[in-house]
Amino acid sequence: MTPKSSSTSGFARRNAMAVLIGAFALLTGCSDSYGPSSAPPPPPPANPREVDATPALAFNPATLTVSTGDAVTFVFGTVAHNVFFDAQAGTPADIAGNNMSVSVTRTFPTAGTYRFTCHIHPSMTGTVVVRAPGTSY
């Protein structure tokens, strides 16, 4: 076996070093700012008149305040839920059944506080507070 010349050995070391530096640059990422890359932007704001029935068995928000005549959309995702309102004057119709991957809208024509429950998951409760025009939230 013939020994390698020092120039070939130096060339191989320089190539290996260049590969290592390139790999390091790729692994650490490049950005226009200093420091680690920033988190992704937050999701767009939710519809201010929307109640999500979440897979975590909660209504979000738990309390929603709207004005008389506003429509509220109940959004059902991948877990079946329903909405039953406590009986009182001005209450909109219940949303019965096992609702999944659907949105249902109810209008609240009368000022008041409307409590609701998911009968599938009785620990899930929420409230829609309906204010008359000119009242502050």
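The values are calculated or read from the model by the stated rules, or taken from the named source; none is laboratory data. These numbers were taken from a predicted model, which means no experiment stands behind them. No Cβ is skipped: glycine too gets one built from the backbone with ideal geometry, and neighbour counts run over all protein chains shown.
Looking across the stretch 123-135, the residues that are of a type outside the set (A, V, I, L, M) and either surrounded by 16 or more Cβ atoms within 10 Å (Cβ to Cβ) or farther than 10 Å from Phe84 by Cα (or both) come down to Ser123, Gly126, Thr127, Arg131, Pro133, Gly134, Thr135. The set of residues in the stretch 44-68 that are touching a Ser or Thr at 6+ places or on another chain (Cβ under 7 Å) and of a type outside the set (A, V, I, L, M, F, W, C) comprises Asn47, Arg49, Glu50, Pro55, Asn60, Thr63, Thr68. Among the conditions (1) surrounded by 12 or more Cβ atoms within 10 Å (Cβ to Cβ); (2) at pLDDT below 75; (3) of a type in the set (Lys, Arg), the only one that Lys4 does not satisfy is (1). Selection within the stretch 41-60: residues that are in a loop (DSSP other than H, G, I, E, B), under 22 Å from Phe108 (Cα atoms) and over 12 Å from the mean Cα position of the chain (by Cα). The member of this set that is modelled with the lowest pLDDT is Pro48. In the stretch 61-80, the residues that are closer than 21 Å to Thr135 by Cα form Cβ pairs under 8 Å with partners that are surrounded by fewer than 15 Cβ atoms within 10 Å (Cβ to Cβ) and modelled with pLDDT under 95, at six or more places apart or across chains, as follows: Thr65/Tyr137; Ser67/Ala132; Ser67/Pro133; Thr68/Ala132; Thr68/Pro133. Within the stretch 91-102, being exposed (fewer than 14 other Cβ atoms within 10 Å of the Cβ) and touching a residue at least 24 places away in the same chain (Cβ under 8 Å) holds for Met100, Ser101, Val102. Of all residues in the stretch 104-114, those being surrounded by 15 or more Cβ atoms within 10 Å (Cβ to Cβ) and within 27 Å of the chain's Cα centre (by Cα) number 4.
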